[in-house]
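Read through the structure below, which is laid out as structure tokens, and then see the notes.
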Amino acid sequence: QSALTQPASVSGSLGQSITISCSGTRNDVGGYNYVSWYQQHPGKAPTVIIYDVNKRPSGVSNRFSGSKSGSTASLTISGLQAEDEADYFCNSYTSSTTYVFGTGTKVSVL
Amino acid sequence: IQLRQSGLGLVRPSQTLSVTCAISGDSVSNLTAAWNWIRQSPSRGLEWLGRTYYRSKWLNDYALSVKSRLNVNPDTSKNQFSLILRSVTPEDAAVYYCARDGNGQNWFDSWGQGTLVTVSS
């Protein structure tokens, strides 16, 4: 199972919107609405910010939104804030009843 | 729910890595939860390794990359689960996390604190 493909880095200015892509196959992202996104700050465990493609857990800012088209999922962060600077990983359930993570994207706030 | 990890951080090449995850606030036998191991290294990023779950019997799923070397075992008497990775190499050096995907969900809502594992003789 190959890792899902994400851009290595994305940057944006305070208040701007950015989008991170997550490309997979029909055996993972394209086959299931079980895409989740995780935010990770240095030295900390990841925390979920989006699940089931576009749902937000309680307590997560509505500045985070998710979508999917075919085998590519996307995470959009609107109104970029300094605390959004972190690593972001997508994850998908697969046809092998396993999970696969994305390669990770470092978000920088300019 | 809280997940608390324990285990040795230094393993010699070719030996066996063992890490345990103690569960509080849930049960390892929960019929709607699954108990996962995930690792993270600079070279491999986040990598899902495997899980155990109870659905009238104990089941396991494993990533192909480690399937021949990995066991994820439940311990109902202590309400915990463990990772057993055999024949480790320097490529297995990573931070290992336990995590729950619960309530029939396919995402990880609770994570352990992480265990830094070094592989060295």
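One residue alone among B:Ser82, B:Ser56 is out of contact with any helix residue (DSSP H, G or I) (no Cβ under 6 Å at 6 or more places or on another chain), of a type in the set (Ser, Thr, Tyr) and either in a loop (DSSP other than H, G, I, E, B) or free of Cβ contacts under 8 Å to residues at least 12 places away in the same chain (or both), and that residue is B:Ser56. Residues in the stretch A:46-55 that are surrounded by fewer than 18 Cβ atoms within 10 Å (Cβ to Cβ) and either part of a loop (DSSP other than H, G, I, E, B) or touching a residue at least 40 places away in the same chain (Cβ under 8 Å) (or both): 2 in all. So A:Ser36 ticks every box in (1) more than 9 Å from chain B (Cβ to nearest Cβ); (2) of a type outside the set (A, V, I, L, M, F, W, C); (3) assigned to a strand (DSSP E or B) but one. Which box is left unticked? Condition (1) is where A:Ser36 drops out.
Exactly one residue out of B:Val28, B:Val72, B:Val11 is among the aliphatic types (A, V, I, L, M), more than 14 Å from every other protein chain (Cβ to nearest Cβ) and under 24 Å from A:Ser96 (Cβ atoms): that is B:Val28. If you go through the stretch B:70-103 and pick out every residue that is within 16 Å of B:Arg39 (Cβ to Cβ) and either surrounded by fewer than 17 Cβ atoms within 10 Å (Cβ to Cβ) or not charged (D, E, K, R) (or both), you end up with 21.
The residue list A:Gly59, A:Gly104, A:Gly79 contains one member that is within 11 Å of chain B (Cβ to nearest Cβ), closer than 25 Å to A:Leu14 by Cβ and at pLDDT 95 or above, which is A:Gly104.
When B:Glu47 is tested against (1) at the interface with chain A (Cβ under 10 Å from one of its Cβ atoms); (2) under 20 Å from B:Gly102 (Cα atoms); (3) not in a strand (DSSP E or B), just one condition goes unmet, and that condition is (3).
Yes/no matrix, rows are residues, columns are (1) away from chain A (no Cβ under 13 Å); (2) basic (Lys, Arg); (3) within 12 Å of the chain's Cα centre (by Cα):
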| site | (1), (2), (3) |
| --- | --- |
| B:Trp37 | no, no, yes |
| B:Tyr62 | no, no, yes |
| B:Ile84 | yes, no, yes |
| B:Ser87 | yes, no, no |
| B:Cys98 | no, no, yes |
| B:Trp107 | no, no, no |
| B:Trp111 | no, no, yes |
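Results for (1) in contact with a strand residue (DSSP E or B) (Cβ under 6 Å, 6 or more places away or on another chain); (2) surrounded by fewer than 21 Cβ atoms within 10 Å (Cβ to Cβ); (3) in a helix (DSSP H, G or I), shown as yes or no for each residue.
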{"position": "A:Asn62", "(1), (2), (3)": "no, yes, no"}
{"position": "A:Ser67", "(1), (2), (3)": "yes, yes, no"}
{"position": "A:Leu75", "(1), (2), (3)": "yes, no, no"}
{"position": "A:Gly79", "(1), (2), (3)": "no, yes, no"}
{"position": "A:Asn91", "(1), (2), (3)": "yes, no, no"}
{"position": "A:Ser96", "(1), (2), (3)": "no, yes, no"}
{"position": "A:Ser108", "(1), (2), (3)": "yes, yes, no"}
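Could you grab me the full set of residues in the stretch A:39-56 that are over 17 Å from B:Trp48 (Cα atoms), more than 10 Å from chain B (Cβ to nearest Cβ) and of a type outside the set (Val, Ile, Thr)? Matches in the stretch A:39-56: A:His41, A:Pro42, A:Asn54, A:Arg56.
The values are calculated or read from the model by the stated rules, or taken from the named source; none is laboratory data. All values derive from a computational prediction rather than experimental measurement. Positions of Cβ are generated from backbone atoms using ideal geometry, with glycine treated the same way; all protein chains shown enter the neighbour counts.
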